[in-house]
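So the structure is just underneath, and the comments pick up after that.
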Amino acid sequence: MDDVIIIGCGVVGAACAYALSRYELNVTVLEAGSDIAAGTTKANSAIIHAGYDPVPGTDMAKMNLEGSNMAGDICRRLDVPYERVGSLVLAFDDADLQCLQTLLKRGQTNGVEGLKLLSGEETRAMEPNVSGQVLGALWAPTAAIINPWEYCLAMAETAVKNGVRLRRNCCVTGIRREQDGFLVTTTRGEFNAKYLINAAGVHADAVHELIGEKEFTICPSRGEYYLLDKCEGQRVRHVIFQCPGKEGKGILVSPTVHGNLIVGPTASPCAPEDVSNTAEGLRQVRERALKSVPTIAFRENIRNFAGVRAASDIPDFIVRESRSVPGFFQAAGICSPGLSAAPSIAKRLTELLARSGLELREKTEYDDSRRRLRFTRLSDGEKNNLIAKDPRFGRVICRCETITEGEIVACLHTPIPPYSINGVKRRVGAGMGRCQGGFCSPRVQEIIARELHMDPVDVMLEEEGSYILTGETKGGGKNGL
Ligand SMILES: Cc1cc2nc3c(=O)[nH]c(=O)nc-3n(C[C@H](O)[C@H](O)[C@H](O)COP(=O)(O)OP(=O)(O)OC[C@H]3O[C@@H](n4cnc5c(N)ncnc54)[C@H](O)[C@@H]3O)c2cc1C
């Protein structure tokens, strides 16, 4: 029997696994998808928010601030791209200027450091491409940009390296109380644990109701985006927000850690997994973003995508023990700023588990480090040495992003290997460039099949059933998931 089962491996489940992996515990993570970080965690604005937006006193405010403070350290330890570029909230009229005052006060109450109001001229001096109509801005130097899926992967990989078990393609379909814990039924068998954590994102209400009484309802809301090519990546240097409204934080324009420009998101009610893009949504993104930064060249768009916020009918994060089921802990309603707050959510849940009787004895040996080889960041000398040792680093597979065969092979032998083309893309960036995998996908597919002894037909684009090839191929075996 496990001490703890975590349901869901987005950034919140991964942060919980990472936090609990420090202790002498048996922990298993059950993830419905074929890969981790493939829900809301892969499709968001990728901002570690400074923390001036949430209402003071809420868990959202406390966890945003604490999580944001923890994120920099975690990223340094686990080699995750993170840049503290700071953010600006722009004001275009008197009502916006009033809003900046409110955000400043809120931020100061929440404990955000370094907040400052700027005039229009000061704002344009920092960020020359913002509109001439800008009257002022709120500057928040502690806001950062991050690679959200690598953040999740890094925490989960470190947890697995330290003994946590991860089961993928393992959708939780039933939960029953047993004398000394829970019996969890999944699409891949049964599991037992003394305690459960529900980190199931947009399905958190359904998972809670597998055993508990209704305590909250998830109200999914879709956000649509543009991702522009690297030639637009320098259009702004900071994260540019507009004043928040009834639809949340509004449309932002931001550089990404990969050197692109991200623009979005919208907010519209949707079904839990509806990540479609709409002409109207994308029109709204363009129109509103051009108000902030009139020179954005949308013709340099390389991808549109959408993510689904798991907001609930309770205006705060729900991080607590279920009221109807003792021992069943919830991380639900984790909408934005959930990416920023994740380590703090995990810390709170660890404390609640301890209070509930879980014994936390720190491991004497714990490997809290991770390094990923990024070929393009090496000096010429280092590249030459590496290629001399292993010629696979001399074969560039993704020409847009300069990702080598050596890097792809390495990621296939990490603690949580990918089994899909998009899984490789999330781990090393192959297919993230201008051609969006048009050239490299077939070669990535071949490498996955070769390294993992799979039939190429079984290598999916993403989820089970997302076939790329059909028909017979020679040799290979079945997906060994
Ligand atoms: C448009 C948009 C913009 C955002 N921007 C930001 C931002 O800039 N900064 C920020 O801090 N936050 C942002 N967020 C919020 C942030 O992305 C989320 O709070 C965070 O990713 C939630 O992580 P999670 O682990 O709770 O959920 P998810 O990443 O969705 O993970 C949940 C996992 O649970 C699994 N699961 C579901 N049901 C089951 C089951 N029955 N059995 C097993 N597994 C199951 C799913 O497959 C999934 O992998 C944004 C969100 C959106 C949608």
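Only the coordinates and a few stated rules stand behind these numbers; no lab work does. Just so it is clear, the model here is predicted, and its values are computed rather than measured. Here the Cβ positions follow ideal geometry from the backbone for every residue, glycine too, while neighbour counts run over all protein chains shown.
Divide, for the chain, the radius of gyration over alpha carbons by 2.2 N^0.38 Å, where N is the residue count. Mind dumping the intermediate values first?
Details: Rg = 22.4 Å, N = 481, 2.2 N^0.38 = 23.0 Å.
Expressed relative to 2.2 N^0.38 Å, the Cα Rg reads 0.97.
Of the peptides 182-194, 63-75, the order by per-residue mean of other Cβ atoms within 10 Å, starting with the highest, comes out as 63-75, 182-194. For segment 410-468, the spread of Cα coordinates along the three principal axes comes to 29, 24, 18 Å, biggest extent given first. Each peptide in 49-62, 448-461, 387-400 receives the mean, over its residues, of other Cβ atoms within 10 Å, and ordering these scores from highest gives 49-62, 448-461, 387-400.
Only sites in a loop by DSSP and with at most 16 other Cβ atoms within 10 Å count here; which trypsin sites (Lys or Arg not before Pro) in segment 285-314 make the cut? Don't skip to the end; give the middle numbers.
Details: sites: 286, 288, 291, 299, 303, 309; in loops: none.
Nothing satisfies the criteria.
Relative to the compact-globule scaling 2.2 N^0.38 Å, provide the ratio for the alpha-carbon radius of gyration of segment 112-159.
Working: Rg = 16.5 Å, N = 48, 2.2 N^0.38 = 9.6 Å.
The reported ratio for this selection is 1.73.
Of 295, 278, the sequence from fewest to most neighbouring Cβ atoms within 10 angstrom is 295, 278. Calculated mean residue ellipticity, 222 nm, the chain: -9000 deg cm²/dmol, from DSSP H runs (n ≥ 4) at -39500 (n - 2.57) each, averaged per residue and rounded to 500.
Quick one: plug the Kirkwood hydrodynamic radius of segment 38-182 (C-alpha pairs) into Stokes-Einstein at 25 °C, 0.890 mPa s, and report D in µm²/s. Walk me through the numbers before you get to the answer.
Numbers: Rh = 17.8 Å.
Rounded, D is 138 µm²/s.
For segment 197-232, which GluC sites (Glu not before Pro) pass both filters: DSSP loop (anything but H, G, I, E, B) and at most 16 other C-beta atoms within 10 Å? Can you show the working numbers first?
Numbers: sites: 209, 213, 215, 224, 232; in loops: 209, 213, 215.
Those that pass, being in a loop and sparsely packed, are 209, 213.
Can you find, among 195, 422, 334, the residue sitting farthest towards the positive end of the charge dipole of the chain, where Lys and Arg contribute +1 and Asp and Glu -1 at Cβ? It is 422. Protection proxy ranking for 121-129, 79-87, using the average of other Cβ atoms within 10 Å per residue and placing the highest first: 79-87, 121-129. Within segment 375-458, all pairs of alpha-carbon atoms sorted by distance into 5 Å bins from zero give the percentages 3, 16, 27, 24, 18, 9, 2, 0. A simple charge model with +1 on the Cβ of Lys and Arg, -1 on the Cβ of Asp and Glu and nothing else charged puts the dipole of segment 375-458 at about 240 debye relative to its Cα centre.
Of 105/230; 246/291; 161/389; 389/425, which pairs sit farther than 28 Å apart, going by alpha carbon to alpha carbon? Write down the numbers at each step before the final one.
Details: 105/230 36 Å; 246/291 18 Å; 161/389 26 Å; 389/425 25 Å.
Distance filter (> 28 Å) returns 105/230.
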